[in-house]
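For reference, the structure is listed below as structure tokens.
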Amino acid sequence: MMPFKSIYYSERFLKIIFGFSLFMVLVMGGIAYKHIRQLSRSTADVQHNYEVHLELEKLLSALKDAESGKRGFIISRDSTFLEPLLLSSLELDKNMEHLKFLTKDNPEQQKNIAELKAKIVKSLDIFKKTLDLAATDNLNSPEFIAGFREGRQTMNSVRFKIIEMTTHESDVLGTSKEKSSKNISNTPMLLYYVLILSLLILLLTYLQNSKNLKVLKEKNELLETFKKSTTQSEIISKHGNWIWHIEENTFEYSDNLYRLLGEEPQSFEANLANYMDFVHPDDVDKLTEQVNKMMENEDLPFIHYRIIQKNGSIKHFKAYGKLLIDSDGHKKILGTTADITDEIENYRLIEKRNLELERSNKELSSFNYVASHDLQEPLRKIQTFLSRLEEKEQDHLSNNGKVYIERIKSSSTRMRSLIDDLLQFSRTNRSEEALEDSNINILLETAKHDLVEIISDKRARISSDFIPSMKVIPFQIKQLFLNLMSNSLKYSRELTAPVITITYSQTKASDLPKIKYSKHNLYHTITVKDNGIGFDQDYAEKIFILFNRLHNKNEYSGTGIGLSICKKIVENHNGYITAEGDINNGSIFTIYLPLS
Amino acid sequence: MQEDYTYVVLADDDEDDRLFFVEAFEELKIQTRVDIYKDGVALMDALNVPDSVLPNILFLDLNMPKKSGLECLIEIKSNNRFKDIAIAIYSTSASEEDIENTFVQGANIYIKKPSDFKILKKILSDVVTINWQYHTNGLDKDNFLLRL
């Protein structure tokens, strides 16, 4: 985000620089224009001055021509000398008019021209008078001489006036020249400085721009990568993205959204009507309502609907949208649509399996009932009738008959214990509610109490450590002790009084290879050790398997269910049980229960 | 006790069990009168006859057609006239559920039908000679199930 921010700021900076540069160029242009205007004005001034000069020069030369013509005529009496004089008087008028026009802006020169004109007119008058006297040969008359002299004086005063005017004109030119030259000499320097400054600014802008471009390029590459990974993730996770530009009410669909609809990417125009064509007829109303709500609230909560692809397959879609306002203040909703058909199908499958499981569980419990009641009833009667036979008809039976009755009795007893154990096994279920804080020592004592007869028959000694209370299913733990102890008593060595030692300790999960990665750290460890016949360690795992017996049923009465029940109980409590056997020396059963 | 015998009633749909029950009392030589009903409906009909002689001890099988033992128990316990009848549940199964339910509903003792006639005789003799007053006072779930 930071580089983008700096770009955003440098954009402002660039705008300021650009504005400044534009202003500088405009200022430069203005100055240049002003100076060129000034330059051309001073050129015009020089031109003007030159013209005035020329005109005055012409005037003077015309007067000079007239004068020399007059002198020539006086000397030679040749009237041809008078021609320039006649011409010059015409020329003079024209010159005077031109001069007047040229100096119309200069009142002083106008005044001068008026004076000059008067002088010229006077001079021309004197010319005429002198020429008239010369024509009548009065050359020596005092009038002629006086006129001649006066003519010369007038002529001189005209010349002075012209010189004066020329000087004045030069002065005017001089002042304006001085003024403009001062300006003009400053102009290149100023322009140069401004140019340098502009170049510096341009350079700075260029550097900043190239830096920004580099950052932009990097960001672009990042965006490109991101876009590709988005496309990839869209395909893998089966979802498509869309954008709704709220102000323009236009839509953009990602390629994968088209694929989810079963179409080629961008194969139709992205708009609502085209999209709605795919929606399942039953869901159109629901979706339309949601979309209208989205347009109203500019938000789209999770919605679920179905679509039908052109090939007829129905897909389940889930969509979600969120409002985004970009840096330019444009509002748009970024939406994601996911194909959840697989999830829904899996969910349905699981649901179906659950139902099946529930059904088979129900069947199992009704089987339990059949076993507990209906199966036991005939067996109980067989046994009761046998006891009637034994009691009442004993005398009428042959010895063989008595043996048969004994056999039937032992078979039915065995069947009873099988049924009882099986029932016990199937009833040993886990239920969280049944867990309660229990005094394990009392449960152990209760179990011992149930065995009190066989304990005294076999003169068995049972010792136990103090066991702390635990959260357990009490009747199951009692059953566990009962089964383990009766197991020890059952498989005791002949002629050796059974000794059962029950000890308690705590074990770290990390020390137990089987549960190294358990979520519990510590385990209650209860061991039940006896001095019985033991068993081959090779069978240590097998003895917990249902109906698995290590001994012939004629040697030891066992159903092969007792230890399976133990295992089930321990597993119900998230623990585990192990067995160690040493033939003719005894066995050790160890129960690990998690310490919560 | 109005008479010098104990009036015992059994409701059980099983013919063999009824036979064992009657034979056991015959052999016991206790002064008893034994009445037998084939199901819960027959039992309740007999009990509900006004001014009928009420049994001292009623043995109830749980699993009976038409009206189960539990239904009979509930009906009896809801009627004040029957408050002095000691009720012994007499059933094939001894599932935790059945024991719990009948205990809660106010039965006095739970007997699991034995598979030995000698034991049956002992049970019945014990039950008939129990001091019900004493037994009921100290009744809890642990001594509810009759153990022999």
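The values are calculated or read from the model by the stated rules, or taken from the named source; none is laboratory data. Everything numeric here is computed off the predicted structure, so don't read it as measured data. Cβ coordinates were reconstructed from backbone atoms using ideal geometry, including for glycine residues, and neighbour counts include every protein chain displayed. The accessibility values were calculated without ligands, DNA or RNA, using every heavy atom of the protein model including side chains. Shrake-Rupley method; radii C 1.70, N 1.55, O 1.52, S 1.80 Å.
B:Lys29 passes all but one of (1) more than 18 Å from B:Ala107 (Cβ to Cβ); (2) open to solvent by less than 50 Å² (accessible area, probe 1.4 Å); which number fails?
For B:Lys29, the exception is condition (2).
What number goes with the only condition from (1) closer than 13 Å to A:Met165 by Cβ; (2) open to solvent by 90 Å² or more (accessible area, probe 1.4 Å) that A:Arg149 does not pass?
(1)
Considering only region A:422-467, state which residues are modelled with pLDDT under 80 and either part of a helix (DSSP H, G or I) or of a type in the set (S, T, N, Q) (or both). Give the derivation first.
If we filter region A:422-467 for residues that are modelled with pLDDT under 80, which is where we start, we get A:422-434.
Within region A:422-467, A:Leu422, A:Leu423, A:Gln424, A:Phe425, A:Ser426, A:Arg427, A:Thr428, A:Asn429, A:Ser431, A:Glu432, A:Glu433, A:Ala434 meet the criteria.
Limited to region A:369-401, what total is found for residues that are surrounded by 13 or more Cβ atoms within 10 Å (Cβ to Cβ) and more than 13 Å from chain B (Cβ to nearest Cβ)?
Of the residues in region A:369-401, 2 are surrounded by 13 or more Cβ atoms within 10 Å (Cβ to Cβ) and more than 13 Å from chain B (Cβ to nearest Cβ).
B:Tyr5 versus (1) open to solvent by less than 50 Å² (accessible area, probe 1.4 Å); (2) away from chain A (no Cβ under 14 Å); (3) of a type in the set (Phe, Trp, Tyr): which is the lone unmet condition?
(1)
Please state which one of A:Ser456, A:Ser469 is in contact with an Asp or Glu (Cβ under 9 Å, 6 or more places away or on another chain), away from chain B (no Cβ under 14 Å) and closer than 29 Å to A:Cys566 by Cα.
Working: A:Ser456 fails: in contact with an Asp or Glu (Cβ under 9 Å, 6 or more places away or on another chain).
Of the residues listed, the single one that is in contact with an Asp or Glu (Cβ under 9 Å, 6 or more places away or on another chain), away from chain B (no Cβ under 14 Å) and closer than 29 Å to A:Cys566 by Cα is A:Ser469.
Report, ordered by the first and then the second residue, all pairs with beta carbons closer than 6 Å, sequence separation of six or more or different chains, a first member in region A:44-59 that is in a helix (DSSP H, G or I), and a second member that is open to solvent by 60 Å² or more (accessible area, probe 1.4 Å).
A:Glu55/A:His98
Does at least one position in region A:457-465 carry a residue that is loosely packed, with under 12 Cβ neighbours inside 10 Å and not small (Gly, Ala, Ser)? Break it down stepwise before answering.
Let us first name the residues in region A:457-465 that are loosely packed, with under 12 Cβ neighbours inside 10 Å, namely A:457, A:459, A:463.
From what is left, the residues that are not small (Gly, Ala, Ser) are A:457, A:459.
Checking region A:457-465: at least one residue is loosely packed, with under 12 Cβ neighbours inside 10 Å and not small (Gly, Ala, Ser).
Would you say A:Leu443 is farther than 25 Å from B:Glu23 by Cα, open to solvent by less than 70 Å² (accessible area, probe 1.4 Å), within 14 Å of another protein chain (Cβ to nearest Cβ) and free of Cβ contacts under 8 Å to residues at least 40 places away in the same chain?
Details: farther than 25 Å from B:Glu23 by Cα: yes; open to solvent by less than 70 Å² (accessible area, probe 1.4 Å): yes; within 14 Å of another protein chain (Cβ to nearest Cβ): yes; free of Cβ contacts under 8 Å to residues at least 40 places away in the same chain: yes.
Yes; evaluated as a whole, the condition is true for this residue.
How about region B:83-106: which of its residues are open to solvent by less than 20 Å² (accessible area, probe 1.4 Å) and either more than 14 Å from chain A (Cβ to nearest Cβ) or hydrophobic (A, V, I, L, M, F, W, C) (or both)?
Those that are open to solvent by less than 20 Å² (accessible area, probe 1.4 Å) and either more than 14 Å from chain A (Cβ to nearest Cβ) or hydrophobic (A, V, I, L, M, F, W, C) (or both): B:Ile85, B:Ala86, B:Ile87, B:Ala88, B:Ile89, B:Ile99, B:Thr102.
Within region B:107-131, which residues are within 13 Å of chain A (Cβ to nearest Cβ), without any contact (Cβ under 8 Å) to a residue 24 or more places away in the chain and either assigned to a loop (DSSP other than H, G, I, E, B) or more than 27 Å from A:Asp421 (Cα to Cα) (or both)?
B:Ser115, B:Asp116, listed by residue number.
Got a sec? Which strands (runs of 3 or more DSSP E) wholly within region A:497-596 have at least 3 residues that are open to solvent by less than 60 Å² (accessible area, probe 1.4 Å) and over 27 Å from A:Ser426 (Cβ atoms)? Steps first, answer last, please.
Numbers: elements: A:499-508, A:522-529, A:576-582, A:586-594.
Hits in region A:497-596: A:499-508, A:522-529.
Somewhere in region B:68-78, is a residue at pLDDT 85 or above, more than 26 Å from A:Asn368 (Cα to Cα) and within 14 Å of another protein chain (Cβ to nearest Cβ)? Reasoning before the result, please.
Here is the first cut: in region B:68-78, the residues at pLDDT 85 or above are B:68-78.
Going one step further and asking which of them are more than 26 Å from A:Asn368 (Cα to Cα), we end up with B:75-78.
With within 14 Å of another protein chain (Cβ to nearest Cβ) added as a condition, the list becomes none.
No, because not a single residue in region B:68-78 is at pLDDT 85 or above, more than 26 Å from A:Asn368 (Cα to Cα) and within 14 Å of another protein chain (Cβ to nearest Cβ).
Would you please list the contacts, defined by Cβ atoms under 9 Å and residues six or more apart or on different chains, that run from a residue in region A:528-547 that is among the polar types (S, T, N, Q) to a residue that is modelled with pLDDT of 85 or more and assigned to a loop (DSSP other than H, G, I, E, B)?
A:Asn531/A:Ser492; A:Asn531/A:Arg493; A:Asn531/A:Thr496; A:Asn531/A:Ala497; A:Asn531/A:Pro498; A:Asn531/A:Asn585; A:Gln537/A:Ile583
Can A:Val194 be described as out of contact with any Pro (no Cβ under 8 Å at 6 or more places or on another chain) and assigned to a helix (DSSP H, G or I)?
Working: out of contact with any Pro (no Cβ under 8 Å at 6 or more places or on another chain): yes; assigned to a helix (DSSP H, G or I): yes.
Against the criterion (out of contact with any Pro (no Cβ under 8 Å at 6 or more places or on another chain) and assigned to a helix (DSSP H, G or I)), A:Val194 qualifies.
Evaluate the following for B:Ser52: is it open to solvent by 60 Å² or more (accessible area, probe 1.4 Å) and away from chain A (no Cβ under 14 Å)?
Details: open to solvent by 60 Å² or more (accessible area, probe 1.4 Å): no; away from chain A (no Cβ under 14 Å): yes.
No.
Hey, can you tell me all the residues within region A:40-80 that are open to solvent by 80 Å² or more (accessible area, probe 1.4 Å), of a type outside the set (D, E, K, R) and either over 17 Å from A:Phe148 (Cα atoms) or outside the structural domain of A:Asn140 (by TED's automatic domain parsing) (or both)?
Listed by number, the residues that qualify are A:Thr43, A:Gln47, A:Tyr50.
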